[in-house]
1. Tell me whether the range 191-203 contains one or more residues that are small (Gly, Ala, Ser), more than 12 Å from LEU153 (Cα to Cα), over 20 Å from the mean Cα position of the chain (by Cα) and assigned to a loop (DSSP other than H, G, I, E, B).
2. Looking only at residues that are touching an Asp or Glu at 6+ places or on another chain (Cβ under 6 Å) and at pLDDT below 85 in the range 16-65, which one is surrounded by the fewest Cβ atoms within 10 Å (Cβ to Cβ)?
3. Counting residues that are in contact (Cβ under 8 Å) with a residue 60 or more places away in the chain, which helices (runs of 4 or more DSSP H) fully inside the range 44-138 reach at least 2?
4. Here are GLY106, GLY134: which of them is surrounded by fewer than 21 Cβ atoms within 10 Å (Cβ to Cβ) and in contact with a Phe, Trp or Tyr (Cβ under 9 Å, 6 or more places away or on another chain)?
5. Which condition number in (1) basic (Lys, Arg); (2) within 18 Å of the chain's Cα centre (by Cα); (3) surrounded by 12 or more Cβ atoms within 10 Å (Cβ to Cβ) is the one that ARG158 fails?
6. If you check TYR174, TYR208, TYR203, which single one turns out to be touching a residue at least 40 places away in the same chain (Cβ under 8 Å) and either surrounded by fewer than 17 Cβ atoms within 10 Å (Cβ to Cβ) or closer than 23 Å to LYS146 by Cα (or both)?
Amino acid sequence: MCADAGVIPYGCFAQLNSLVGEVNTGKGGNWDEYAAAFDIRGETLDDVMQYIQDIGCEYVGLLVPNAPVTDELISKMNRACDIAARHDMKLQYHNHNYEYTNMVNGVYRMDDILTRTDPRMLFEPDLGWMEIGGYDCVKALGTYRKRIEIVHLKDYWRESNDPSLPHQFRPTGYGVMDWARILPLCERLIQPKWYVADHDSAYDADIYEELGMSLEFIKHALRYC
């Protein structure tokens, strides 16, 4: 499908269990509903990694449910990092809002994970999810710039910056995110290999039309960075 569409995928998402050779038990926390979509099958770990490579991916985005960050979980993430490196691929942790609404011993969940994992594991920040969680994404970009190669440009709307209030997704450039501040910083600090137009839902509208709006906004905005 990618070849027919002329699309080169930079990477894919995978569940942690798939990457360390464990059978998916269906107890993936908040990812249960989507387990089948991200559970990459294979008889061996080499089969799993070869499938990802055959698609053309360089990066593997790690999906970890909103569960306690135990030593066992950190160990599994580090094992997945080793496995990816052996196959000349890069493992990335992709955040959601709960990495910034949950704290571990006074430390944000995301900071706890990145501090305790192998430095080879990259950070794939979703800037919209950070702000939805009530965190200033600019701070994270500065702190982890050496571990970032891909940046997700999600946008959203809500009445105030209170993370307890409901939000609605918007095409990138059509929400409350301050891209005039954020994009120049990304270009100066990181110069990402890829920007991602990340749009979770268009609700009753056409998702592909809104993704097109996102892409056009990003392309034009980057001209002024």
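1. Scanning the range 191-203 turns up no residue that is small (Gly, Ala, Ser), more than 12 Å from LEU153 (Cα to Cα), over 20 Å from the mean Cα position of the chain (by Cα) and assigned to a loop (DSSP other than H, G, I, E, B).
2. ASN24
3. Because the criterion is at least 2 residues that are in contact (Cβ under 8 Å) with a residue 60 or more places away in the chain, the helices (runs of 4 or more DSSP H) in the range 44-138 that meet it are 71-86.
4. After ruling out the rest, the residue left standing is GLY134.
5. (2)
6. Testing whether each residue is touching a residue at least 40 places away in the same chain (Cβ under 8 Å) and either surrounded by fewer than 17 Cβ atoms within 10 Å (Cβ to Cβ) or closer than 23 Å to LYS146 by Cα (or both) leaves just TYR174.
The values are calculated or read from the model by the stated rules, or taken from the named source; none is laboratory data. Quick caveat: nothing in here was measured; it's all calculated off a predicted structure. In this analysis, Cβ positions are derived from the backbone assuming ideal geometry, glycine residues included, and neighbour counts consider all displayed protein chains.
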